[in-house]
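Okay, structure first, notes after.
The values are calculated or read from the model by the stated rules, or taken from the named source; none is laboratory data. Bear in mind that the values here come from a model prediction, so they are computed numbers and not experimental data. Here Cβ is always computed from backbone atoms with ideal geometry, including for glycine, and neighbour counts include all displayed protein chains.
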Amino acid sequence: MSLLGRRGTGIGVGLMAVGLLGGASANRLAAPGQMPPNTVALSQMLRELSARPGFTEAMLAELDKGSKRGPALLTPSLIDNLRRRILGKDWQGLDRFPGWTMQAINPTVRVVGHVAGKNEKVEDLSAVHPGASPTVAQTNEHLDLGPYGLDKRETVSLEKPSDLPGFTTDGMVSSLGAGVMRGDGPNELAPEHAESQRLAYVLNRLAANGLEGVPLLTAQWDKEHAATTPQELIAAIQATGHEVIVTDSRYFANFGHLHYSGQDVMMPFYVKRPLLVPVSHAEYEWHIRGPRVNADVSYYFGVDGKSQWRTMDTLDQPWVMKRDAHAYLGSDAVEVTRLAGLMTIAYMHLHAAHPTLPFGGYYALGVCQDGVSAIEKKMTGSVTLFPNTADGSFFSDTRDEEINALMRVIPKDRDGKAPEPERVFGSLPTEDLEGVSIPGLGADLVAVHKAWMDGTLKRTRTWKRTASEIVLFSMGALLLAGAVRRARRLTQ
């Protein structure tokens with residue numbers, strides 16, 4: 001459940017409750033597994049560095065800021081929790097931090113106190129503007145448009161190579177001292193950054209054409225193909241000898257994007273119950289290869305409050321893994337693009353109607369999984385992602401009825417109800433459960449999956465069910481005691 005960025009814009013505020021129990025082995029951590037080469041656990045790094053004056057606070061301050069590509073927004077209570085674990089030398093606890101359950105996202109997630117912290121301001125209902133259209137400032141805040149402004153009607157040519165700057169880590173990588181860096185360097189897609197960045201900007205700006213009062217931008221792909229919507233541009237690219245593959249991709253969310261003495265720091269984001277499952281991140285990815293342009297962009301709703309296309313050319317740490325759950329070609333790729341464009345417009349309307357939601361609406365309006373789940377539902381008829389946090393009551397703007405309908409029918413995970421195993425395992429970034437390199441996780445997943453397959457999987461009891469049964473039992477005991485007393489009086 002994305003928190004601040006790609007590979008971690010999934011939900012990630014703690015240990016996620018999945019409510020599955022697969023035999024005794026799922027109630028404990030299995031023996032440590034094999035970590036990837038050149039990787040160290042967060043607890044090991046802090047065991048070595050926490051005694052250095054000022055390091056702990058510097059690291060906490062950096063994590064608290066979040067980042068463009070980080071996975072989680074640490075709330076004040078979680079920052080304090082992490083500080084206590086470090087100062088208390090709770091190294092084992094750090095390998096399962098932060099601790100959070102899906103029950104913390106209650107049915108009125110707009111009251112984000114469970115996530116934002118009790119002392120943080122929740123949405124001021126007087127600031128809600130139903131049916132409002134986003135201002136230029138709001139659009140610029142929640143949609144990256146690059147050089148393609150909202151001030152005039154224009155046609156932009158995509159016939160020549162992009163003149164945008166190439167890949168840089170400026171503003172994305174920072175030093176915390178003691179050999180610790182936060183942020184990631186380039187991956188194999190970085191050489192095409194200029195083309196990918198231009199494509200992301202143009203797709204976002206074409207989506208903005210659907211907003212009320214926005215001057216029309218036309219993207220001229222070549223002399224024969226012009227586009228005023230994202231899907232028209234993808235269709236034009238397909239029509240000119242380029243292969244376009246759209247993948248529905250899942251990863252483990254990377255909580256910290258930390259590196260220590262040149263090693264990756266393993267910092268997954270868990271959700272808590274007998275089976276501890278790291279939070280996954282989901283996104284749609286457009287992979288374009290052809291005679292004129294090679295580009296790769298992704299789409300998701302992140303904790304930055306932006307539901308939009310983005311570049312995807314920073315290096316992933318090996319333990320986050322990757323699995324393409326679905327791949328779309330031809331007209332299906334065009335349809336996924338159309339739905340993503342409509343999702344962009346719907347979220348811009350939501351930002352205009354609810355401008356004071358904490359975290360730019362993240363959690364209340366969903367996490368990265370929600371939008372991907374909605375499109376997956378339309379494309380396949382099913383949903384294989386967990387968790388989804390969007391409060392369906394927000395999705396009521398009549399201008400966005402197609403997206404509203406999809407968001408309302410996807411499964412919700414804000415009431416603590418145990419999710420279907422299909423969604424728990426469907427969210428994982430691999431089908432090779434034994435190959436999961438997070439220590440102890442692979443064996444637990446194998447045990448639970450086996451129990452699911454052979455029909456012996458048991459559900460854990462939710463706190464609501466347990467509490468209600470305790471109340472009912474108590475009421476029944478009182479009624480029985482009263483009946484016994486009355487019967488004794490009648491026989492005396």
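Overview of values
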item	result
Filter result for the condition that a residue is under 30 Å from residue 45 (Cβ atoms), of a type in the set (A, V, I, L, M, F, W, C), touching a strand residue (DSSP E or B) at 6+ places or on another chain (Cβ under 6 Å) and surrounded by 14 or more Cβ atoms within 10 Å (Cβ to Cβ), over 203, 189	189
Residues that are within 16 Å of residue 368 (Cβ to Cβ), crowded, with 17+ Cβ neighbours inside 10 Å and not aliphatic (A, V, I, L, M), drawn from the range 315-343	316, 323, 326
Among residues of the range 163-188, those that are farther than 30 Å from residue 48 by Cα and in contact with a His (Cβ under 9 Å, 6 or more places away or on another chain), counted	5
Enumeration of residues in the range 151-205 that are in contact with a Pro (Cβ under 8 Å, 6 or more places away or on another chain), of a type outside the set (Val, Ile, Thr) and at pLDDT below 95	151, 152
Where residue 416 falls short, out of the listed (1) part of a helix (DSSP H, G or I); (2) modelled with pLDDT under 95	(1)
Residue tally, condition outside any strand (DSSP E or B), more than 25 Å from residue 175 (Cα to Cα) and in contact with a helix residue (DSSP H, G or I) (Cβ under 8 Å, 6 or more places away or on another chain), over the range 215-263	12
Verdict on residue 446 being touching an Asp or Glu at 6+ places or on another chain (Cβ under 8 Å) and surrounded by fewer than 19 Cβ atoms within 10 Å (Cβ to Cβ)	yes
Residue 34 vs. criteria part of a loop (DSSP other than H, G, I, E, B), of a type outside the set (Gly, Ala, Ser) and modelled with pLDDT of 65 or more	yes
Residue selected from the range 383-400 under the condition closer than 17 Å to residue 347 by Cα and polar (S, T, N, Q), by the criterion surrounded by the most Cβ atoms within 10 Å (Cβ to Cβ)	388
Where residue 384 falls short, out of the listed (1) at pLDDT 95 or above; (2) outside any loop (DSSP other than H, G, I, E, B)	(2)
Residues being surrounded by 12 or more Cβ atoms within 10 Å (Cβ to Cβ), touching a helix residue (DSSP H, G or I) at 6+ places or on another chain (Cβ under 7 Å) and not hydrophobic (A, V, I, L, M, F, W, C) - total across the range 132-182	13
Out of 337, 311, 344, 356, sole residue that is modelled with pLDDT under 95 and polar (S, T, N, Q)	356
Hits in the range 401-411 - residues which are surrounded by 21 or more Cβ atoms within 10 Å (Cβ to Cβ) and not β-branched (Val, Ile, Thr)	406, 407
The range 344-358 - residue that is over 17 Å from residue 212 (Cβ atoms) and under 18 Å from the mean Cα position of the chain (by Cα) and, of those, surrounded by the fewest Cβ atoms within 10 Å (Cβ to Cβ)	358
